[in-house]
Amino acid sequence: AAFAFAQANAQSVFAAHLVWDEGLGEGWPPDALYFLTEQEARDHLYGTIDPEVARYAGQTKAWVCCNEITDGRRKDANGFWTVNPWYQTIGPTFAEEAFFLANQQDPNAILIMNEFGTEQGSGATAKRTSVLNAIDYLQSRGAPIHALGIEAHLTYKGFAQGFNATAFRAFLSQVASR
């Protein structure tokens, strides 16, 4: 129904999320992903991405391929969040593998890494560095990452005081230069 509506109204479809940060949804314990073997995790994650993207290939303008995969504190050298269940079960290559698989199924779609926590707050600088490191790593591996989504988890109290527009513009410029 969503695709028919979009087509009838000359709208593009932006699909999310192929790789998510945690949880399997209703009916699953919240931490179930952490107890999967590597093969079970691969079968679950890539066994979801492959048919999902194949089914909607050519109908979707863009996919959020990886959502919330970096962290400013609990991270590896490439900025990836090491507490992420996919990182813990599959290993640090889970994101690049997801980008390659999505691109294989829908080569004309825009593939996005979506992140939050880059706007303001005590961890924003470290988070921005992690995001840039993750982009650099993915690009160095040839992963087809086409865009960065900035997800805003904002609060109205104190945002203006904690937001550094100059630093945020510099970050966005750094993203654009990649």
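The values are calculated or read from the model by the stated rules, or taken from the named source; none is laboratory data. On a predicted model such as this, the values are computed, not experimentally measured, just so you know. Don't worry about glycine lacking a Cβ; one is built from the backbone with ideal geometry, like all the others, and counts go over all protein chains shown. These area figures cover heavy atoms from the full protein model, side chains too; ligands, DNA and RNA do not enter into them. Shrake-Rupley method; radii C 1.70, N 1.55, O 1.52, S 1.80 Å.
What the table below lists for this structure:
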{"quantity": "Of the criteria (1) within 14 Å of the chain's Cα centre (by Cα); (2) over 12 Å from Ile49 (Cβ atoms); (3) open to solvent by less than 40 Å² (accessible area, probe 1.4 Å), which one Gly72 fails", "calculated": "(1)"}
{"quantity": "Selection from segment 17-35 of residues that are of a type in the set (A, V, I, L, M, F, W, C), modelled with pLDDT under 90 and either open to solvent by less than 100 Å² (accessible area, probe 1.4 Å) or in contact with a helix residue (DSSP H, G or I) (Cβ under 6 Å, 6 or more places away or on another chain) (or both)", "calculated": "Trp20, Leu24, Ala32, Leu33"}
{"quantity": "Lone qualifier among Arg178, Arg128, Arg141, Arg169 - being surrounded by 13 or more Cβ atoms within 10 Å (Cβ to Cβ), more than 23 Å from Glu22 (Cβ to Cβ) and out of contact with any Cys (no Cβ under 8 Å at 6 or more places or on another chain)", "calculated": "Arg141"}
{"quantity": "Sole residue being in contact (Cβ under 8 Å) with a residue 60 or more places away in the chain, not aliphatic (A, V, I, L, M) and not in a strand (DSSP E or B), chosen from Ser130, Ser122", "calculated": "Ser130"}
{"quantity": "Subset of segment 88-113 that is in contact with a strand residue (DSSP E or B) (Cβ under 6 Å, 6 or more places away or on another chain) and surrounded by 21 or more Cβ atoms within 10 Å (Cβ to Cβ) - its residue that is farthest from Leu18 (Cα to Cα)", "calculated": "Ala109"}
{"quantity": "Residue list for segment 55-69, restricted to those being assigned to a loop (DSSP other than H, G, I, E, B), buried (at least 17 other Cβ atoms within 10 Å of the Cβ) and not charged (D, E, K, R)", "calculated": "Thr60, Ile69"}
{"quantity": "Unmet criterion (only one of (1) open to solvent by 60 Å² or more (accessible area, probe 1.4 Å); (2) touching a residue at least 60 places away in the same chain (Cβ under 8 Å); (3) of a type in the set (Asp, Glu)) for Glu52", "calculated": "(2)"}
{"quantity": "Residue check, Thr155 part of a loop (DSSP other than H, G, I, E, B), more than 30 Å from Gly58 (Cβ to Cβ) and without any contact (Cβ under 8 Å) to a residue 60 or more places away in the chain", "calculated": "yes"}
{"quantity": "Qualifying positions in segment 3-47 - within 21 Å of Asn108 (Cβ to Cβ) and in contact with a Ser or Thr (Cβ under 6 Å, 6 or more places away or on another chain)", "calculated": "Val13, Ala15"}
{"quantity": "Verdict on Arg169 being of a type in the set (Lys, Arg), free of Cβ contacts under 8 Å to residues at least 24 places away in the same chain and in a helix (DSSP H, G or I)", "calculated": "yes"}
{"quantity": "Considering residues of segment 72-102 that are among the polar types (S, T, N, Q) and touching a helix residue (DSSP H, G or I) at 6+ places or on another chain (Cβ under 9 Å) only, the residue nearest to Ile135 (Cα to Cα)", "calculated": "Asn78"}
